[in-house]
């Protein structure tokens, strides 16, 4: 893979022994928390591949839980993440999975409360870098390196153009866009990475589009 700076090679400032297994895990957890939009009442974390084999020794479990509680990678509270979760009455379940995945450092996180659930799959690709590759059954590629907008919409003619035109009207440049759908004519998900953080006016404008059912903003 390509690195943009020496800090990508050295890895991030972090608590724990491994940028892939600790910092990456914390960032996957933090991204899950951001996408869920609130503190969950419970979390089920499933580890696959190398994560499943080494998560205790590398602190992958506490890092993931710390991320879910919105701790940064260098937050010393990560060390006692289980205790912090218990104090907040967040129920945690860890699972070691034997299924073979495409990437060795893979985790599936299911977050929930009385208002709903969210499930995602994330991978740690090295140097603390991550990718979210699945969200509520939709395939996507979300790195967290850039501001992003996730738009759930009807899979119909003109939906992508309507979103793109609205962003263009606010002079927002799209760096990368993926579109995933579960079936033809059903719901679809646009994952849009942009060059600058998007303000609330833009988000409200997207929500008013007739094709759009949900909008989530990722701030960088």
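The values are calculated or read from the model by the stated rules, or taken from the named source; none is laboratory data. All of these numbers come straight from a predicted model, not from anything done at the bench. When we count neighbours, we look across all protein chains shown, and the Cβ atoms used for this are built from the backbone with ideal geometry, even at glycine.
Quick notes on this structure:
- The strands (runs of 3 or more DSSP E) found wholly in the stretch 72-126 and carrying at least 1 residues that are over 22 Å from residue 220 (Cα atoms) and without any contact (Cβ under 8 Å) to a residue 40 or more places away in the chain occupy 116-126.
- Evaluating residue 51 against the criteria (1) within 23 Å of residue 136 (Cβ to Cβ); (2) modelled with pLDDT under 90; (3) part of a loop (DSSP other than H, G, I, E, B) leaves one unmet condition, (3).
- Residue check for residue 166: assigned by TED's automatic domain parsing to the domain that holds residue 51, touching a residue at least 40 places away in the same chain (Cβ under 8 Å), surrounded by 16 or more Cβ atoms within 10 Å (Cβ to Cβ) and not in a loop (DSSP other than H, G, I, E, B): no
- Filtered by the rule that a residue be surrounded by fewer than 17 Cβ atoms within 10 Å (Cβ to Cβ) and closer than 15 Å to residue 37 by Cα, the stretch 67-85 gives a lone residue, 70.
- Selection status of residue 152, outside the structural domain of residue 121 (by TED's automatic domain parsing), farther than 27 Å from residue 102 by Cα and either assigned to a strand (DSSP E or B) or touching a helix residue (DSSP H, G or I) at 6+ places or on another chain (Cβ under 9 Å) (or both): no
- Here residue 46 clears all of (1) outside any helix (DSSP H, G or I); (2) modelled with pLDDT under 95; (3) farther than 21 Å from residue 218 by Cα except the condition numbered (2).
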